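Data block below; observations after.
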Amino acid sequence: MESWSQVQIFHSGDDFFSSLSQDIRQARRSVTIESYIFAEDKLTKTILQELTNARERGCTVKIVVDGFGSYTSIPYLDRFCTDNGLELRVFHPLPYPLIWAHQFVLKYSWRGSLLFKRLNRRTHRKIAIIDEKRAYLGSMNFTQEHCVSYVGDKAWRDTGVWVEGEPVKRLVLAFQISYLRTFMKGLLTWVGRWRMNEDVAHSVLRLNTTQRTRKKLYRDLLRRISHAESRIYLTTAYFLPRRSLLRALLKAAHRGVDVQLLIPGKSDVPMVKWAAFYIVRLLIQRQIPIFEYQKSILHAKTMIIDNEAFVGSFNLNHRSILHDLEVEVILQDPPLVQNMLEQWNTDIANSRPASEKDFTTPSWLTRILYKIAFRLRYML
């Protein structure tokens, strides 16, 4: 299996974005960013200024944001990027209620965008690539919500990494495909199927660019869980697994594998917790330890399966498996896996075990809400 030449893990948004800003300042050729959310706040204004400085030094700066995740900040980004010579593209833009916005939508979409068109096809990646050499990724959107320096103790618990090595070239290609698909969708969909057809079982970079690779990645995840020998530690912000994944976890626990799950105690999307109510209760009834993070909102998406650690933007839900563009890296070096295990123990110390008492039969009105949310799980 291929490997990374260098890796740095971050469990703090402050450290992650501080390192990213420093690398942007040192960039000499290019800086490319693709993010589900690129907010308008103090953190992103600082990053945009660093990108402007890089552009003035002669670097190529390209930004792709998702039309749904970054919906409210796109007008601001459009003005800033236009004024400062930065290239902004919007992945599957949505129409704005104002008449003037129609021209903006046409500017960033080859054929424009109808209401709810491609609503389910989002880029959920959070990546930044410096000089096509070092790639930052994980589950941190470009927003100050992740940083203690901006929001104090309310900062979300998240994990990110930067990686260097040969696989970064495929991530560069994946960004180029996303960038070009914002105005050449048909052609680049075909190119993506041709160029991104990788052997996911032997790759440390996992991309779900096409439906074919989505199926391969999901089958590979089920295979890894079914072959796990010692531990499966899952940290996920949105837990809505498919039945096959749920069965694989239950079978692993039945044969003696240490299966544990860490989920948010308080979610930024409460409807996801409602939808997952009966799933979580089932796992608790099957004696699988589940912990709810208490210190702040948990947004990390990581896994530790035996002696491998996974860090990325993938959620254990239908959106990540079926619809959204995601990215994930596998870390295999013992010091890196140990780093992830230590953070796991820290997170568990800041959590409380979920018990069956927490999931007693709710009132009839609450049951209706939970069932409605569960029916909408493919959209969450």
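The values are calculated or read from the model by the stated rules, or taken from the named source; none is laboratory data. These figures come from a predicted structure and were not determined experimentally. No Cβ is skipped: glycine too gets one built from the backbone with ideal geometry, and neighbour counts run over all protein chains shown. These area figures cover heavy atoms from the full protein model, side chains too; ligands, DNA and RNA do not enter into them. Shrake-Rupley method; radii C 1.70, N 1.55, O 1.52, S 1.80 Å.
Does segment 307-318 include one or more residues that are over 23 Å from Trp156 (Cβ atoms) and open to solvent by 10 Å² or more (accessible area, probe 1.4 Å)?
Looking for residues that are over 23 Å from Trp156 (Cβ atoms) and open to solvent by 10 Å² or more (accessible area, probe 1.4 Å), one finds at least one in segment 307-318, hence yes.
If you take the residues of segment 236-253 that are of a type outside the set (A, V, I, L, M, F, W, C) and part of a helix (DSSP H, G or I), which of them is least open to solvent (accessible area, probe 1.4 Å)?
So the residue we want is Ser244.
The rows are residues; the columns are (1) of a type in the set (A, V, I, L, M); (2) surrounded by 21 or more Cβ atoms within 10 Å (Cβ to Cβ); (3) within 25 Å of Arg206 (Cα to Cα).
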position: Asp268; (1), (2), (3): no, no, no
position: Leu298; (1), (2), (3): yes, yes, yes
position: Glu326; (1), (2), (3): no, yes, yes
position: Leu341; (1), (2), (3): yes, no, yes
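Inspect all residues belonging to segment 66-77 and state whether any of them is of a type in the set (D, E, K, R), buried (at least 21 other Cβ atoms within 10 Å of the Cβ) and within 19 Å of the chain's Cα centre (by Cα). Break it down into steps so the answer makes sense when it comes.
Here is the first cut: in segment 66-77, the ones of a type in the set (D, E, K, R) are 66.
Now drop any that are not buried (at least 21 other Cβ atoms within 10 Å of the Cβ), which leaves 66.
Narrowing the set further to residues that are within 19 Å of the chain's Cα centre (by Cα) leaves 66.
Checked against the condition, which is being of a type in the set (D, E, K, R), buried (at least 21 other Cβ atoms within 10 Å of the Cβ) and within 19 Å of the chain's Cα centre (by Cα), segment 66-77 yields at least one hit.
Out of all the residues in segment 47-59, is one or more part of a helix (DSSP H, G or I) and under 24 Å from Ala300 (Cβ atoms)? So that I can check it myself, show each step before the final result.
Going residue by residue through segment 47-59, those that are part of a helix (DSSP H, G or I) are 47-56.
Filter again for under 24 Å from Ala300 (Cβ atoms), leaving 47.
Yes, segment 47-59 has at least one match.
Listed residues Tyr233, Tyr179; which is in contact with a strand residue (DSSP E or B) (Cβ under 7 Å, 6 or more places away or on another chain), modelled with pLDDT of 95 or more and open to solvent by 10 Å² or more (accessible area, probe 1.4 Å)? Show your work before the answer.
Details: Tyr179 fails: modelled with pLDDT of 95 or more.
It is Tyr233.
For segment 257-287, name all the residues that are at pLDDT 95 or above and more than 22 Å from the chain's Cα centre (by Cα).
Val257, Asp258, Val259, listed by residue number.
Which of the residues spanning segment 184-230 are within 24 Å of Glu164 (Cα to Cα), at pLDDT below 80, not charged (D, E, K, R) and not in a helix (DSSP H, G or I)?
Met196, Asn197
Hey, among Leu369, Leu283, Leu365, which residue is without any contact (Cβ under 8 Å) to a residue 40 or more places away in the chain, more than 30 Å from Val204 (Cα to Cα) and among the aliphatic types (A, V, I, L, M)?
Selected residue: Leu365, the only one of Leu369, Leu283, Leu365 that is without any contact (Cβ under 8 Å) to a residue 40 or more places away in the chain, more than 30 Å from Val204 (Cα to Cα) and among the aliphatic types (A, V, I, L, M).
Answer yes or no as to whether Ala309 is closer than 23 Å to Leu205 by Cα and assigned to a loop (DSSP other than H, G, I, E, B).
Spelling it out, it is not the case that Ala309 is closer than 23 Å to Leu205 by Cα and assigned to a loop (DSSP other than H, G, I, E, B).
Can you find a residue in segment 155-172 that is hydrophobic (A, V, I, L, M, F, W, C), at pLDDT 95 or above and in contact with a His (Cβ under 8 Å, 6 or more places away or on another chain)?
Yes: one or more hits.
Could you list, ordered by first residue, the pairs with Cβ atoms under 6 Å in which the first is in segment 240-259 and closer than 16 Å to Phe374 by Cβ and the second is surrounded by 14 or more Cβ atoms within 10 Å (Cβ to Cβ) and among the charged types (D, E, K, R), at least 6 apart or interchain?
Final answer for the pair search is Leu240/Arg377.
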